[in-house]
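Please read the structure below before turning to the comments.
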């Protein structure tokens, strides 16, 4: 297996005109010093701009050592005229530097006849190195079953992101590291299983087209926290809202449905949840509500810590 044989070779890595010649294929324990040297010495000119949020996320995985960042992932180089160029792995190597933790990788080197072949290899990695989707991750999870399909579990994972961010209106890239890691969101979804199952049960017998907004990530997150902290009142409110059977004018549940359907308005993901929170707050305070207007302040959910 390829590796840096001893401390002397590590010094070579820092000082030789072409330091990457000391790298061979195979499993390698990469120290922060090695990672920094590799990044400086093998940069491919056409490489995409570094995405800091990816580096932060992977660095956190490395520091916590929870197994979410799998050891010995592939790092790929192209070799042209004796020089090595990094084709795949700049974010992971930057994460090693940031984390300060040595991490194992599996090095692969592709010999290239000319610059066009080098560019072809890079393009192939750039287009094919895709992360697993939430649906891929949850497909074989123990929660999945007849009453808890994979698509719903994936949606609960998305709702967990809103809960973890305490319902702040921030982009997904600015959410906490834990909220951005798909595997971590799946762990969180397990802690909300009871509320998620109960909420989905309210939709039995309701046409799918009438359920759509209720099962968007942000409204689902609002519903789950209310079901946890105000179970009786929340059960009544959400079941009445989802079933939408003879809701009277002034009922916050009716106002919510009408707000979501308002002509000419394209609500954002966050706004659909904010509307749900406003309706819930009115119902919790036993207030009549005919028309919902979004407040300018941040979302809060009455009767809960959020």
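The values are calculated or read from the model by the stated rules, or taken from the named source; none is laboratory data. Since the model is a prediction, treat every value here as computed from it, not as a measurement. Here the Cβ is made from the backbone with ideal geometry for all residues, glycine too, and neighbour counts use every protein chain on show.
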Filtering the stretch 167-186 down to residues that are exposed (fewer than 15 other Cβ atoms within 10 Å of the Cβ) and modelled with pLDDT of 85 or more yields 168
Take the residues in the stretch 268-289 that are part of a loop (DSSP other than H, G, I, E, B) and at pLDDT 95 or above, then tell me which one is farthest from residue 163 (Cα to Cα). 288
What is the number of the single condition among (1) in contact with a helix residue (DSSP H, G or I) (Cβ under 9 Å, 6 or more places away or on another chain); (2) surrounded by fewer than 21 Cβ atoms within 10 Å (Cβ to Cβ) that residue 103 does not meet? (2)
For residue 188, are the conditions met, namely being in contact (Cβ under 8 Å) with a residue 12 or more places away in the chain and more than 28 Å from residue 135 (Cβ to Cβ)? no
Given 301, 292, 249, which one is assigned to a loop (DSSP other than H, G, I, E, B) and loosely packed, with under 15 Cβ neighbours inside 10 Å? 249
Would you check which residues across the stretch 25-57 are out of contact with any strand residue (DSSP E or B) (no Cβ under 9 Å at 6 or more places or on another chain), free of Cβ contacts under 8 Å to residues at least 60 places away in the same chain and crowded, with 16+ Cβ neighbours inside 10 Å and list them? 37, 54, 55
For the stretch 65-86, enumerate the residues that are modelled with pLDDT under 85 and surrounded by 14 or more Cβ atoms within 10 Å (Cβ to Cβ). 68, 69
Among the residues of the stretch 225-235, are any without any contact (Cβ under 8 Å) to a residue 12 or more places away in the chain, surrounded by fewer than 21 Cβ atoms within 10 Å (Cβ to Cβ), assigned to a loop (DSSP other than H, G, I, E, B) and out of contact with any helix residue (DSSP H, G or I) (no Cβ under 6 Å at 6 or more places or on another chain)? no
Which condition number in (1) on the phi > 0 side of the Ramachandran plot; (2) not assigned by TED's automatic domain parsing to the domain that holds residue 233 is the one that residue 264 fails? (2)
